[in-house]
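*Asks:* Here it is: the structure, laid out below.
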Amino acid sequence: MIVSRFTKRVVVLNCAVPALLLAWDASRNHLGANPVNFAIRTTGLLSIIFLLLSLTVTPLARLAKRSWLGTFRRSMGVSAFAYAAIHFNIFFWFDQAASLVDTVSEIGMRLYLLIGFIGLLLMAPLAATSTDGMIRRLGGKRWKLLHKLAYLAAIAGGLHFFLLVKADATRPLIALGILGVLFVYRMTARYLQLNRDSRQLRTAKPVAVGKPRNWQGSMRVARIFKETHEVKTFRFVPVDGGPLPFKHQAGQNLTLTVNIEGKPVRRSYTIASPPSRGHFAEITVKREERGLVSRHLHDQLHEGDLIAIGAPAGRFIFTGNEAESIVMTAGGVGITPLMAKVRYLTDRGWPGPIHLLISARTEADLIFRRELDELQSRHSNLRTTTTLTRENAPAWTGRRGRVTAELIREVLAQDANGRIHLCGPTEMTDPLIALLKEQGVADDRIHHESFASPSRGTVEANTAAFDHVAAGMATLEFARSGQRVTDLMGRTILEIAEAHGIALPYDCRAAVCGQCKTRVISGNVRMDADDALDASDRANGVVLACQARCQDQVVVEA
């Protein structure tokens with residue numbers, strides 16, 4: 001079901017109806033013998049009702065399998081705050097005659113007022129961050145963590161209501177009972193998720209840290225295609241002209257080793273060609289001004305050259321057997337693993353719906369545009385939606401702007417139960433994951449990959465965030481070699497190992513290949529990305545050396 005703007009406005013208007021009716025009755029003096037007390041109690045009750053409704057939306061959407069219901073959660077939450085704010089303002093202006101001293105004194109003397117005021121304060125940041133822009137600014141994980149305060153606010157509201165009534169406590173007990181049911185549901189859902197993860201851990205095969213590639217050798221650059229002004233596709237073929245020496249799945253990657261200034265440098269790139277085309281492998285690379293390997297490939301690699309390749313690796317795959325439909329969202333060059341899946345599924349004549357949502361800067365930055373148009377004309381089950389974030393030309397008549405919650409809901413409404421794959425920069429994928437979960441989309445349906453390595457600006461920001469490391473508050477010890485390092489300077493474990501001559505396996509430096517996995521024996525680290533880790537890795541303290549930065553005294557098994 002597509003939730004239109006009109007529908008959302010109707011819902012917001014309906015949320016405001018009780019306030020409008022209350023104002024109408026007040027203007028006609030129909031609020032009873034004690035109108036202020038009536039208005040205070042009514043707005044307080046409405047606040048609790050809307051707060052409970054906001055907490056009910058997600059479990060209801062999941063149980064009913066109606067993800068579009070999640071569209072209204074934030075509307076309910078903001079309405080709850082609005083009624084709570086009106087509730088307090090009536091108390092302040094009319095009951096306390098706008099006296100700040102009297103109000104503070106009253107709150108301090110009466111427990112139920114103190115608890116209610118705390119609930120209002122807890123709701124304030126939730127209302128202030130209930131926009132798509134704030135989700136993007138905070139990031140999915142921090143936004144979700146912050147909005148868990150809704151349960152504390154609801155508990156405060158329920159206790160405030162219970163302590164307020166002097167005779168019949170039926171309604172506050174009902175409110176607290178509903179809150180208890182919702183809390184039990186949340187805990188049960190969490191337990192079931194942990195139970196599923198536990199089963200996966202028990203059945204998972206041991207992960208071999210630093211395991212070599214399935215195949216390694218040289219391949220020849222057969223063709224180089226220019227996709228856009230800064231994106232090229234490189235086609236590699238076996239030196240002997242035969243079929244590919246390795247088997248891969250759509251969405252996996254290969255690792256290139258190139259010699260730059262006398263030093264071997266490795267990077268992983270998605271195999272953009274599908275496994276159904278078994279005589280060549282292609283990668284599609286954007287030239288980054290500060291990208292060491294991407295610049296080398298664009299400027300120095302020529303048709304006929306040989307290049308060292310290791311393949312395949314990665315778990316960001318889709319074979320067509322995992323689900324009956326798939327929705328994919330690509331940001332920029334993050335389209336490459338998704339294009340591999342589109343090509344593979346259309347090559348097979350896969351019958352399920354395929355929806356590809358593309359976000360690019362301008363029309364000139366659209367990768368694979370002509371090929372996708374051709375595939376759509378031949379395959380009726382393939383649909384693409386494109387939005388441009390920086391296109392100013394009036395000739396572009398398509399969508400404009402970033403991928404929004406409304407656009408995601410529109411796409412999901414056409415395919416409510418499919419698998420969802422996201423690929424792009426973290427600043428795109430994290431908010432989208434949060435939005436999807438807010439819509440009631442189950443975790444096991446969402447799969448994502450941060451396609452590109454962090455920019456230099458990101459690294460500098462991380463280094464600044466770890467100024468305490470330079471001050472000697474964090475250390476790193478390599479257990480096998482016995483080396484202990486104190487001058488960390490905000491670097492990753494891999495960078496520190498390289499600087500001190502400690503050999504750690506690695507390939508991509510982008511949290512994709514998993515070659516640099518190492519186990520933390522003690523201490524705490526923070527990772528910028530962890531796409532290559534699974535539940536078994538995390539449970540066993542395995543981290544990615546290319547992403548992990550020490551936060552205290554860390555010892556690693558290396």
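*Asks:* Filter the range 117-132 for residues that are without any contact (Cβ under 8 Å) to a residue 60 or more places away in the chain, in a helix (DSSP H, G or I) and either within 25 Å of Met428 (Cβ to Cβ) or in contact with a helix residue (DSSP H, G or I) (Cβ under 8 Å, 6 or more places away or on another chain) (or both) and give the result. Steps first, please.
*Replies:* Looking only at the range 117-132, we keep the residues that are without any contact (Cβ under 8 Å) to a residue 60 or more places away in the chain, and these are 117-122, 124-131.
Applying the additional criterion that residues be in a helix (DSSP H, G or I) yields 117-122, 124-128.
Selection gives Phe117, Ile118, Gly119, Leu120, Leu122, Ala124, Pro125, Leu126, Ala127, Ala128.
*Asks:* State all residues of the range 22-56 that are of a type in the set (Lys, Arg) and in a loop (DSSP other than H, G, I, E, B); if no residue qualifies, say none. Step through it out loud before you land on a result.
*Replies:* From the range 22-56, those of a type in the set (Lys, Arg) are 28, 41; that's our starting set.
Arg28 - this is the single residue of the range 22-56 that is of a type in the set (Lys, Arg) and in a loop (DSSP other than H, G, I, E, B).
*Asks:* Which pairs turn up if I take residues in the range 97-114 that are without any contact (Cβ under 8 Å) to a residue 40 or more places away in the chain and at negative phi and look for partners that are in a helix (DSSP H, G or I) and surrounded by fewer than 12 Cβ atoms within 10 Å (Cβ to Cβ) with beta carbon separation below 9 Å, at least 6 apart in sequence or on another chain?
*Replies:* The qualifying pairs are Leu114/Gly108.
*Asks:* Moving on to the next point. The conditions are (1) among the hydroxyl-bearing types (Ser, Thr, Tyr); (2) exposed (fewer than 14 other Cβ atoms within 10 Å of the Cβ); (3) at pLDDT 90 or above, and Thr203 fails exactly one of them. Which is it?
*Replies:* For Thr203, the exception is condition (3).
*Asks:* Let me ask something additional. Could you grab me the full set of residues in the range 229-250 that are crowded, with 18+ Cβ neighbours inside 10 Å and more than 13 Å from Ile309 (Cβ to Cβ)?
*Replies:* Matches in the range 229-250: Val231, Lys232, Thr233, Gln249, Ala250.
*Asks:* Can you find a residue in the range 28-41 that is assigned by TED's automatic domain parsing to the domain that holds Ile174, buried (at least 17 other Cβ atoms within 10 Å of the Cβ) and not hydrophobic (A, V, I, L, M, F, W, C)?
*Replies:* no
*Asks:* What residue, among those in the range 258-316 that are β-branched (Val, Ile, Thr) and in contact with a His (Cβ under 9 Å, 6 or more places away or on another chain), is farthest from Ser450 (Cα to Cα)? Let's see the steps before the verdict.
*Replies:* At the first step, the residues of the range 258-316 found to be β-branched (Val, Ile, Thr) are 258, 260, 265, 270-271, 283-285, 293, 307, 309.
Among the residues that remain, those that are also in contact with a His (Cβ under 9 Å, 6 or more places away or on another chain) are: 258, 260, 265, 271, 285.
Details: Val258: 23, Ile260: 25, Val265: 20, Ile271: 15, Val285: 15 Å.
By that ranking, first place goes to Ile260.
*Asks:* Looking only at residues in the range 277-318 that are among the polar types (S, T, N, Q) and modelled with pLDDT under 95, which one is farthest from Arg223 (Cα to Cα)? Let's see the steps before the verdict.
*Replies:* Start the filter on the range 277-318 by keeping residues that are among the polar types (S, T, N, Q), which leaves 284, 294, 300.
Now restrict to residues that are modelled with pLDDT under 95: 294, 300.
Working: Ser294: 17, Gln300: 14 Å.
Here the answer is Ser294.
*Asks:* Select from the range 430-445 the residues that are aliphatic (A, V, I, L, M) and either assigned to a loop (DSSP other than H, G, I, E, B) or in the same structural domain as Ala189 (by TED's automatic domain parsing) (or both) and write down the one among them that is nearest to Glu322 (Cα to Cα).
*Replies:* Here is the first cut: in the range 430-445, the ones aliphatic (A, V, I, L, M) are 432-436, 441-442.
From what's left, either assigned to a loop (DSSP other than H, G, I, E, B) or in the same structural domain as Ala189 (by TED's automatic domain parsing) (or both): 441-442.
On the way: Val441: 16, Ala442: 15 Å.
That would be Ala442.
*Asks:* When you check Phe280 against the structure, is it in contact with a Gly (Cβ under 7 Å, 6 or more places away or on another chain) and touching a residue at least 40 places away in the same chain (Cβ under 8 Å), yes or no? Give the derivation first.
*Replies:* Numbers: in contact with a Gly (Cβ under 7 Å, 6 or more places away or on another chain): no; touching a residue at least 40 places away in the same chain (Cβ under 8 Å): yes.
For Phe280, the condition - in contact with a Gly (Cβ under 7 Å, 6 or more places away or on another chain) and touching a residue at least 40 places away in the same chain (Cβ under 8 Å) - is not met.
*Asks:* Quick check: anything in the range 292-310 among the charged types (D, E, K, R), in contact with a helix residue (DSSP H, G or I) (Cβ under 9 Å, 6 or more places away or on another chain) and either closer than 30 Å to Arg390 by Cβ or not assigned by TED's automatic domain parsing to the domain that holds Val231 (or both)? Spell out the reasoning first.
*Replies:* From the range 292-310, those among the charged types (D, E, K, R) are 295, 299, 303, 305; that's our starting set.
Checking the rest, the ones that are also in contact with a helix residue (DSSP H, G or I) (Cβ under 9 Å, 6 or more places away or on another chain) come to none.
Checked the range 292-310: no residue is among the charged types (D, E, K, R), in contact with a helix residue (DSSP H, G or I) (Cβ under 9 Å, 6 or more places away or on another chain) and either closer than 30 Å to Arg390 by Cβ or not assigned by TED's automatic domain parsing to the domain that holds Val231 (or both).
*Asks:* Would you kindly identify the strands (runs of 3 or more DSSP E) lying entirely within the range 354-429 that contain at least 1 residues that are buried (at least 16 other Cβ atoms within 10 Å of the Cβ) and polar (S, T, N, Q)? Even if it seems obvious, please write down each step before you answer.
*Replies:* Values: elements: 354-360, 382-388, 419-424.
Result: 354-360, 382-388.
*Asks:* Of the residues Val555, Val542, Val512, which is farther than 26 Å from Thr270 by Cα, in contact with a strand residue (DSSP E or B) (Cβ under 6 Å, 6 or more places away or on another chain) and crowded, with 16+ Cβ neighbours inside 10 Å? Give the steps one after another, and end with the answer.
*Replies:* Values: Val542 fails: farther than 26 Å from Thr270 by Cα; Val512 fails: farther than 26 Å from Thr270 by Cα.
Going through Val555, Val542, Val512 in turn, just one is farther than 26 Å from Thr270 by Cα, in contact with a strand residue (DSSP E or B) (Cβ under 6 Å, 6 or more places away or on another chain) and crowded, with 16+ Cβ neighbours inside 10 Å: Val555.
*Asks:* Just to check your reading of the model, which residue among Val556, Val485, Val520, Val459 is at pLDDT below 85 and either touching a Gly at 6+ places or on another chain (Cβ under 9 Å) or over 30 Å from Leu192 (Cα atoms) (or both)?
*Replies:* Values: Val556 fails: at pLDDT below 85; Val485 fails: at pLDDT below 85; Val520 fails: at pLDDT below 85.
Going through Val556, Val485, Val520, Val459 in turn, just one is at pLDDT below 85 and either touching a Gly at 6+ places or on another chain (Cβ under 9 Å) or over 30 Å from Leu192 (Cα atoms) (or both): Val459.
*Asks:* Within the range 437-456, is even one residue within 19 Å of the chain's Cα centre (by Cα), modelled with pLDDT under 85, polar (S, T, N, Q) and closer than 30 Å to Arg5 by Cα?
*Replies:* Checked the range 437-456: at least one residue is within 19 Å of the chain's Cα centre (by Cα), modelled with pLDDT under 85, polar (S, T, N, Q) and closer than 30 Å to Arg5 by Cα.
The values are calculated or read from the model by the stated rules, or taken from the named source; none is laboratory data. None of these values were measured; they are calculated from a predicted model. Here Cβ is always computed from backbone atoms with ideal geometry, including for glycine, and neighbour counts include all displayed protein chains.
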